[in-house]
1. Do any helices (runs of 4 or more DSSP H) lying entirely in region 1-108 carry at least 1 residues that are modelled with pLDDT of 95 or more, touching a Lys or Arg at 6+ places or on another chain (Cβ under 6 Å) and over 17 Å from W125 (Cβ atoms), and which ones are they?
2. Considering each residue of region 95-133, count those that are in contact with a Leu (Cβ under 7 Å, 6 or more places away or on another chain) and within 16 Å of the ligand (Cβ to nearest atom), and give that number.
3. Given (1) touching a residue at least 40 places away in the same chain (Cβ under 8 Å); (2) away from the ligand (no atom under 16 Å from the Cβ); (3) not hydrophobic (A, V, I, L, M, F, W, C), where does R92 come up short, assuming only one miss?
4. Pull up region 194-250, narrow it to residues that are more than 16 Å from the ligand (Cβ to nearest atom) and among the aromatic types (F, W, Y), then point me to the one that is surrounded by the fewest Cβ atoms within 10 Å (Cβ to Cβ).
5. Residues to consider are Q115, Q79, Q62; find the one that is without any contact (Cβ under 8 Å) to a residue 24 or more places away in the chain and outside the structural domain of G203 (by TED's automatic domain parsing).
6. Filter region 239-250 down to the residues that are touching a strand residue (DSSP E or B) at 6+ places or on another chain (Cβ under 9 Å) and under 11 Å from I75 (Cβ atoms) and list them by number.
7. Does region 159-166 include one or more residues that are within 16 Å of the ligand (Cβ to nearest atom), of a type outside the set (V, I, T) and part of a loop (DSSP other than H, G, I, E, B)?
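The values are calculated or read from the model by the stated rules, or taken from the named source; none is laboratory data. Small disclaimer: the values here were computed from a predicted structure and weren't measured. Cβ placement follows ideal geometry from the backbone for every residue including glycine, while neighbour counts extend to all protein chains displayed.
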Amino acid sequence: MTIDHTPRPLDAGAIERREFLALCGRGAAAVAGAGLVGGCAAPPARAEDAPAAPPGGPPRYQARDYGALRGLRAITDEQVEVHLDLYRGYVRRTNALLEDVWALRGAGRFDATYQELQRRLGWEWDGMRLHELYFDNLAPEAAPLAPDGRFAKAVADVWGSVDAWRAELLATARMPGVGWVICARDPASGNLWNAWVEDHEKGHWAGGAPLLVLDVWEHAFSVYRKPTERAKYLDDVMANVDWAAVERRL
Ligand SMILES: [Fe+2]
């Protein structure tokens, strides 16, 4: 099949509110449909990233299989399953937005609708990828952090000790608000830091490579803990960190 990439002229006045809402609401409608949320096709194990974009088409992401995360310490399987449903919504909406952006690009419509879709893509894509980084650094029966391991030595070089690093990380994670806490490494300088990321896309330190990613949105613990128990959840999640996965990112 031949795909026509010839930009078509913008139809003046075609940016109508209902069209805009229809485009922007597609992702939300997708996740709102329980059938779609629950019915996300089981992906192949570790579909690591989007396949190469088909000619003329957008990349398409596959939700990863985190079935191995059942049996975490304290964090219930039901909590994990609800969280995975939320994650699959991010994957679905990222794909839907990419399709919309590709369609407008193909039509040569770089207008306000296109720009708003681009803005929303940052939210959805970051939500998708941060959840993958979070789930990837958890594991049932995870071994404790080895004091002589590479990660422990790296944080001790910066904070003086693992305990001092952990205290700062958790103090940051207890901040009121919704978002993430990320221990990241600057590839340019080799420095490490603990960053607060608001929502999914605000506050990233440019160029930082995530080492440890903690989801501190209430939805990460609201199934099995009270909204006031974020500190307890943080203890739970730290007990499930797969330090081997963290060290592989170092
Ligand atoms: Fe989450």
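1. 77-106
2. So the answer is 1.
3. Among (1) touching a residue at least 40 places away in the same chain (Cβ under 8 Å); (2) away from the ligand (no atom under 16 Å from the Cβ); (3) not hydrophobic (A, V, I, L, M, F, W, C), the lone unmet condition for R92 is (2).
4. In this case the residue turns out to be W205.
5. The conditions single out Q115.
6. If the condition is that a residue be touching a strand residue (DSSP E or B) at 6+ places or on another chain (Cβ under 9 Å) and under 11 Å from I75 (Cβ atoms), then N240 is the only one that fits.
7. no
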